[in-house]
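One structure below.
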Amino acid sequence: MKISARWLKRYVDLGISDGELGEIFTSIGLEVDAVEKVGVSSQETLVVGEVLEIEQHPNADKLALCTVRVGENDARKIVCGARNFKVNDHVPVALPGTVLPGDFRIEKSNLRGVDSDGMMCSSRELGMGDDHAGLLILDKSTRVGRRLHDEIVVPDDTVFDISLTANRGDCLSHIGVARDVAARLNIPLKFPTIKGVEVSSTHPTDHFLDEISIETGDCECYSAICVADIKIGESPDWMKRDLAAVGIRSINNAVDIGNWVMMETGQPVHIFDARKIIGNRLTIRLAVDGETVISLDSKRRMLNSSMMVICDGERPLVIAGVTGSIDAEVDGDTTDILIESAYFNANSIRQTAKALNISTESSHRFSRDIDTANVVRSCQRVADLVEEVCGGTVRSKCWVVGTPKRLESSIDFSPSLIEKLCGFPIAIDVGEGILTRLGFGVEKLDDDRWSITVPAHRPDIMCSADIVSECLRIYGTDKIPETPPKFYGIHGNSSRSVTFLQNSGNYLSNHGFLECCSLSLRNRFDTERVFGDDSAIAMHNPFSTDQSCFRVSLIPGLLETMALNIQNGNWETKFFETGRVVLKIGGKFNECLAVGFAMLPIPIERSWRNFVETDFYDVKALIFPILQSFSDRLPVFEDVESSNLWQPGYSASCGFLDRERFQATCGLLGINFVKKFDVRQNVFAAEVIVHPSIFSKRPEKIAHRAFSQFPRVSKDISLIVDGDERGATVESNVLRFAKKNISEEIFIESVNVFDVYRGEGIPDGMKNIGITINYRSDRRTLTDAEVQTAFNSTQSDIEKLYKIRKQA
C-alpha cells in the first residue's frame, strides 16, 4: 500500500519530518518496505527544451531523431522513442551528467549508429508520477534553457510503500493510516467534510434506475446515487498528482474521482455510464456457467456460477468487486452517471479474483473485509467531488438496498489485563485515550470492567488480548521499561519418548551410522502400493503428489539417502533416522515413534582391507539394545512370510502394535523394492516402531548393583525340541523358570544358548539346543547343594515343556 505524506497531511497535522513519519509507521506495525521522493529534481542539467525538428531515425523505424533547443544558441541532437510530441512543444530534457530517480545517469550515447546528446523525459522518468506513455509536455510559458525545477510547480512529496498483514484492511486507505498515526501522536484526526446526499431505503424519485435487486447473500448492501449533466475531461492537477504518487494512472475526471476516494477511504467505488444501463435496473446475482464479460482491459472473461456479477436488464456489466466491463464504462460522451458502492463477501471476491487471475485495487480491498460503515459515506463523498470537479448535479437521494450484517461488536474488558499481559503498567486514562482515538467506544461499567465497542473497520479485534495488543502498539514498544531478565531452572526428566529417540540415535551413531533427516510426507500412491490401500493419511490439499500423505515407515527415506550418496560418489553406506510415522492400528491412525537404519553388506569403497560381510544376525544384534531400552522381555522373532518391503526368508519381526504396542522388523529388504530407488546392491535394514503409550507407565527405578566379588556357578541343560522351535523361545522359557526357583540371595546372571545341533542321534524334524544358566550371589559364595536344588526345580518345570537330553 502506497501512502503519500502530502496526501496524509489532509487528515492529520503531522508537524514531524518524513523520516520521523517512517519510523512511526514501523513502530505501530505498518512496516515500511520502501520510501520514494516525488518531485522535480533541482539539478542544473535538467532543463526545459524546445523541439525544433523531428526526423525519422535512419536505422530504426520506431525511433525519431530530434533537434532540441536547450539554451540560447544551444541545440542538441536527441534520439527519442515517444510519439506524443510535435515541433515547438516544450519538454523536459535531461542533459549528460543528470542523475534521474533510480540512480539512472544520463550520458552521451550512440543509439543504432546515431549520437544522442541527452534524453527527453516522461513523468515517471522524472519521478513525478507513473505515466510513461509519452513525454511530459510542458506549458508554452516555460522558459527554454531554464532549470526545470524553477519553471514548473510540483509540490515535493514522500511516498511510503508499507507492508500490511492480511488483517489490517482498515489501513488500505489514507484515512485508515492517518487514524493510527493520529492515535500515536495524540493529535486530532480530521475527516473530510461530506455534504451528505440524503439516504433512502426505498426507490427515490428522479433516480435513473427503477429497480435494484440483490439475489445473492454474497452482497449484503448496495448503494447508488445518480448525477446528471457532468462534463468529462481531465482531472485537476492536485488529483492527478495524488493518484500518480500512489501508482494510479489518470484516466478522466469521473473515473479518477472514484479511484481517489478509494485511496482516501479504502472503499472501492464504481461509476457507470447511466445511458448504457439497459432496462433501468441493476441485479446483483451469481453468474451463469459459461457467461462472459469483456473486462476493462478488453479481455473476454469466462465466468462460472460461484462468481458474482452486477447486471442490467440484459447482460453482466461488472464482475462484482473485481473489475468493470467496457459495456458500461465512462467515456468522453458520458453526461449522466450512476455511482455505486457496495459491501461484498470477502471470500467470494478473493476466490473470483484468484480464479480469473485478476488482481485489482478493488479486489485487494474487498478480499480483506472493508469497513461496512464506509459504504454509504464513500458513495456520498464521490457525489460531492463529482459536483465539484465535473460540474454535474445530483439527481436523487442515495438509494441503499440491504444492510451489512457485520457492524459494531462489543467485548467485555478488564483494564487490569493490560498490565497482566504486557508485564508493565499503562495508566488507565492513557489506555482509554488510545482506544478512543482508534475509534473504539469505551463504557466504564465499574473500576475494573469496561464494555468496549469495536468499530466496523476493525473486524480483526475479537477478544480482550487483541485490545491489549492495540494499546501496546499505539503506546509504543519503545516505552517498555528495561528489566533484568529472570531465568528459572527447569527440573525433572525429559519426556521418555524424546529420550528414547535421542538414546537410539546416539547408540547407532556410536556404531558408525550417519544420521539423515527425510520428509515426513510421502507419495500416497507409492506408499499404498507397498504398504496396502488406506495405509496412510492422505492430505486434502497437498503441496505436490510427492508429498500427499504422512509417511508410514522410515525405510523409503533411508533408501533415498543411500541412493543419493552412491550416485554422488560418497562411500558412506550406513544411515539411520529417528522420527515419527503415522500407522493405522485397530482401524484408527496413530502417530508412533520410529527408529530405522539401513546398510550395505559390504562397503563399496575400494580398500586393501577385507571387510567382513554383514548378515541377518549382525542386524538383529544391533536392534536388541534398542528393544531393551523400553522392554525387559526377551524378544522372539518370527519369519516375515509375505511383504513388499522385506525379503521373505531373510527377514524377521517381533511384536504387534495393537497388542504389545511395539513392532520391530530386521533383515534383508526386498530386492524389487530396493531397485525402485536405483540401489543395485542388497540392503540390510531394521525398523523399530513404538506406540507412545508404552512410555506412559512410570518407569521402574533402577538401583545400582555393584559387581559381585563372588564366583558364579554354571549349569548346562540340553534339550531336544521340535525343529521349528526358536532358540529365543527356549531361552526365554528357561530364564523364566530359573528366576522362579531361586532364593533371595541368588540372582540369575544370564541364560544363553551355546549350541544348536541337528544330525546323527537326533530324530528327524528335531534339534538339540544347549543352554547355560549362570547363577551368582553378591553376598557370598554359592554352594553346589543350593545351586543344584534351584537347578533341579527349574529342570522339573522344563520337563513339562521339553525332554531333557543331558545335564551337567
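The values are calculated or read from the model by the stated rules, or taken from the named source; none is laboratory data. Keep in mind the model is a prediction, meaning the values are calculated, not measured. In this analysis, Cβ positions are derived from the backbone assuming ideal geometry, glycine residues included, and neighbour counts consider all displayed protein chains. In case anyone asks, the SASA skips ligands and DNA or RNA and just uses the protein heavy atoms, side chains included. Shrake-Rupley method; radii C 1.70, N 1.55, O 1.52, S 1.80 Å.
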**Q.** Flag for Gly97 being farther than 29 Å from Lys240 by Cα, assigned to a loop (DSSP other than H, G, I, E, B) and over 43 Å from the mean Cα position of the chain (by Cα)
**A.** yes
Q | Unmet criterion (only one of (1) over 27 Å from Ile212 (Cα atoms); (2) crowded, with 20+ Cβ neighbours inside 10 Å) for Gly423 | A | (2)
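Quick grid of which residues meet (1) part of a helix (DSSP H, G or I); (2) open to solvent by less than 20 Å² (accessible area, probe 1.4 Å); (3) at pLDDT below 90; (4) closer than 15 Å to Asp161 by Cβ:
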residue: Glu20; (1), (2), (3), (4): yes, no, no, no
residue: Val32; (1), (2), (3), (4): no, no, no, yes
residue: Gln43; (1), (2), (3), (4): no, no, yes, no
residue: Glu50; (1), (2), (3), (4): no, no, no, no
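Given the criteria among the charged types (D, E, K, R) and in a loop (DSSP other than H, G, I, E, B), does Glu125 qualify? Spell out how you get there, then give the answer.
Values: among the charged types (D, E, K, R): yes; in a loop (DSSP other than H, G, I, E, B): no.
When the stated conditions are applied, Glu125 does not pass them.
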Q: State yes or no: is Ser451 surrounded by 17 or more Cβ atoms within 10 Å (Cβ to Cβ) and either in contact with a Leu (Cβ under 6 Å, 6 or more places away or on another chain) or not in a loop (DSSP other than H, G, I, E, B) (or both)?
A: no
(Q) Among the residues that make up the range 118-130, is at least one of them more than 28 Å from Gly247 (Cα to Cα), in contact with a strand residue (DSSP E or B) (Cβ under 6 Å, 6 or more places away or on another chain) and open to solvent by 20 Å² or more (accessible area, probe 1.4 Å)? (A) no
(Q) I'm trying to understand the selection: among the residues of the range 181-201, which are of a type in the set (Lys, Arg) and either in a helix (DSSP H, G or I) or open to solvent by less than 40 Å² (accessible area, probe 1.4 Å) (or both)? (A) Arg184
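Determine, yes or no, whether Phe656 is open to solvent by 20 Å² or more (accessible area, probe 1.4 Å), free of Cβ contacts under 8 Å to residues at least 12 places away in the same chain and either more than 11 Å from Val688 (Cβ to Cβ) or part of a loop (DSSP other than H, G, I, E, B) (or both).
yes
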Q.
Please count how many residues of the range 138-171 are among the acidic types (Asp, Glu), farther than 23 Å from Arg10 by Cα and in contact (Cβ under 8 Å) with a residue 24 or more places away in the chain.
A. 2
Q. Mind checking which pairs have a first residue in the range 291-307 that is among the small types (Gly, Ala, Ser) and a second that is open to solvent by 80 Å² or more (accessible area, probe 1.4 Å), Cβ under 7 Å, 6 or more apart or different chains?
A. Ser305/Val288; Ser305/Asp289; Ser306/Gln351
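Of the residues Thr781, Thr794, which single one is open to solvent by 50 Å² or more (accessible area, probe 1.4 Å) and over 30 Å from Val581 (Cβ atoms)? Lay out the reasoning, then the answer.
Numbers: Thr794 fails: open to solvent by 50 Å² or more (accessible area, probe 1.4 Å).
Criteria check complete, one pass: Thr781.
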**Q.** Selection from the range 172-201 of residues that are more than 30 Å from Val430 (Cβ to Cβ) and in contact (Cβ under 8 Å) with a residue 24 or more places away in the chain
**A.** Ile194, Lys195, Gly196, Val197, Glu198, Val199, Ser200, Ser201
Q. How do the pairs read when you match residues in the range 680-699 that are β-branched (Val, Ile, Thr) with residues anywhere that are modelled with pLDDT of 95 or more and open to solvent by 40 Å² or more (accessible area, probe 1.4 Å), using Cβ under 6 Å and keeping only pairs 6 or more apart or on different chains?
A. none
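Identify, please: which residue in the range 500-521 is out of contact with any Asp or Glu (no Cβ under 7 Å at 6 or more places or on another chain) and open to solvent by less than 40 Å² (accessible area, probe 1.4 Å) and is, among those, farthest from Thr578 (Cα to Cα)?
In the first step, residues of the range 500-521 are kept if they are out of contact with any Asp or Glu (no Cβ under 7 Å at 6 or more places or on another chain); the result is 500-504, 506-508, 510-513, 519-521.
Subset that is open to solvent by less than 40 Å² (accessible area, probe 1.4 Å): 500-501, 504, 508, 513, 521.
Working: Phe500: 10, Leu501: 6, Ser504: 8, Leu508: 10, Phe513: 12, Leu521: 15 Å.
Per the criteria, the residue is Leu521.
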Q.
Given the condition farther than 30 Å from Glu340 by Cα and hydrophobic (A, V, I, L, M, F, W, C), answer yes or no: does some residue in the range 400-410 qualify?
A. no
Q. Restricting the range 70-94 to residues that are assigned to a loop (DSSP other than H, G, I, E, B) and surrounded by 15 or more Cβ atoms within 10 Å (Cβ to Cβ), which is farthest from the chain's Cα centre (by Cα)?
A. Asp89
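For residues in the range 274-314 being more than 39 Å from the chain's Cα centre (by Cα) and part of a loop (DSSP other than H, G, I, E, B), which is surrounded by the most Cβ atoms within 10 Å (Cβ to Cβ)? I'd like the intermediate steps shown before the answer.
Applying the first criterion (more than 39 Å from the chain's Cα centre (by Cα)) to the range 274-314 yields 274-282, 312-314.
Those still in the list that are part of a loop (DSSP other than H, G, I, E, B) too: 277, 312-314.
Details: Ile277: 22, Asp312: 20, Gly313: 13, Glu314: 10.
Going through the qualifying residues, I end up with Ile277.
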Q: Mind listing whichever residues of the range 372-388 are in contact with a Pro (Cβ under 9 Å, 6 or more places away or on another chain) and open to solvent by 20 Å² or more (accessible area, probe 1.4 Å)?
A: Ala373, Arg381
Q: Could you list all residues from the range 223-249 that are touching a Ser or Thr at 6+ places or on another chain (Cβ under 6 Å), farther than 19 Å from Val40 by Cα and open to solvent by 20 Å² or more (accessible area, probe 1.4 Å)?
A: Asp229, Ile232
Q: For Asp161, work out the one condition from (1) in contact with a strand residue (DSSP E or B) (Cβ under 7 Å, 6 or more places away or on another chain); (2) in a loop (DSSP other than H, G, I, E, B); (3) closer than 30 Å to Ile461 by Cα it doesn't fulfil.
A: (2)
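For the range 376-448, please list each of the strands (runs of 3 or more DSSP E) lying entirely inside it that holds at least 3 residues being under 36 Å from the mean Cα position of the chain (by Cα). Can you show your working first?
Numbers: elements: 398-402, 409-413, 441-446.
Filter on the range 376-448 gives 409-413.
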Q: From Val581, Val552, grab the single residue that is under 28 Å from the mean Cα position of the chain (by Cα), in contact (Cβ under 8 Å) with a residue 60 or more places away in the chain and open to solvent by less than 60 Å² (accessible area, probe 1.4 Å).
A: Val581
Q | Tally, over the range 52-69, of residues that are open to solvent by 10 Å² or more (accessible area, probe 1.4 Å) and part of a strand (DSSP E or B) | A | 8
**Q.** Tally of residues being of a type in the set (A, V, I, L, M, F, W, C) and either over 20 Å from Cys379 (Cβ atoms) or open to solvent by 30 Å² or more (accessible area, probe 1.4 Å) (or both) across the range 250-273
**A.** 2
**Q.** Pairs, first more than 14 Å from Gly392 (Cα to Cα) in the range 229-243, second crowded, with 18+ Cβ neighbours inside 10 Å and of a type in the set (Lys, Arg), C-beta under 9 Å, six or more apart
**A.** Glu234/Lys240; Arg241/Arg6; Asp242/Arg6
Q) Does at least one position in the range 622-632 carry a residue that is free of Cβ contacts under 8 Å to residues at least 24 places away in the same chain and surrounded by 11 or more Cβ atoms within 10 Å (Cβ to Cβ)? A) yes
Q. Out of curiosity, is Ile604 assigned to a loop (DSSP other than H, G, I, E, B), aliphatic (A, V, I, L, M) and under 44 Å from the mean Cα position of the chain (by Cα)?
A. yes
Q. Among all residue pairs at least 6 apart or on different chains, which show Cβ distances below 6 Å where the first residue, located in the range 745-765, is more than 13 Å from Asp722 (Cα to Cα) and open to solvent by 60 Å² or more (accessible area, probe 1.4 Å) and the second is at pLDDT below 90 and outside any loop (DSSP other than H, G, I, E, B)?
A. none
